[in-house]
Amino acid sequence: MSGSLSEPTHELRLIEDILVAGGQCTLPDTGTNRVVYVVHGGISAGEEQFADDRSWHGKGAVRIVAGERGATVWRYELAPLGSQPTLVPGGSG
C-alpha cells in the first residue's frame, strides 16, 4: 500500500453533562457532529423525547432540556481539531 496518512483534521470528544430537572443548554451550530446519549433520566432534544439508553444525533444547533428527573448524558462530538467544546454549566466536563 503506497501513500501516507494525512494529518488529522478532527478529534473525537466525550463530555459528560449532568442536568438538574428542567435544566437546559443550547449546543451551537459549529459544524460539529454530535451524539447525545442518555445514561440516566430523560431529555428533549428539539421536538423529540429521549430516556435511558437512547440517543439523539445530528449536526447543528440543538436545545437540550432535562426531564423531571434530570439527566446524565454523554455527549460525543466529532469536532474540528483545536476547536473549543461547549461546556454546560454544572456539567462535569
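The values are calculated or read from the model by the stated rules, or taken from the named source; none is laboratory data. These numbers were taken from a predicted model, which means no experiment stands behind them. Here Cβ is always computed from backbone atoms with ideal geometry, including for glycine, and neighbour counts include all displayed protein chains. Heads up: the accessible areas ignore ligands, DNA and RNA and are worked out on the full protein's heavy atoms, side chains in. Shrake-Rupley method; radii C 1.70, N 1.55, O 1.52, S 1.80 Å.
Sum up the charges of everything whose Cβ sits under 14 Å from the Cβ of V88, counting Lys and Arg as +1 and Asp and Glu as -1, but leave V88 out.
Surrounding charge for V88 is +1.
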accessible surface per residue for the chain, probe 1.4 Å, DNA/RNA/ligands not counted, whole Å² -> 64
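Quick one: dipole size for the stretch 17-65, taken about the Cα centre, charges +1 on Lys/Arg Cβ and -1 on Asp/Glu Cβ, in debye to the nearest 20. Walk me through the intermediate numbers first.
Values: 4 positive and 6 negative charges, 26 e Å.
Roughly 120 debye, rounded to the nearest 20.
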Evaluated at 25 °C with a viscosity of 0.890 mPa s, what Stokes-Einstein diffusion coefficient in µm²/s does the chain have when Rh comes from the Kirkwood expression over alpha-carbon pairs?
-> 178
Gyration tensor (Cα only) of the stretch 1-50 to equivalent ellipsoid, semi-axes in Å sorted down, yields 33, 12, 10
Using a probe of 1.4 angstrom, how much of the accessible area of the chain is carbon and sulfur, in percent?
-> 54
Contact order normalised by residue count of the chain, Cα under 8 Å, 6+ apart, percent = 43
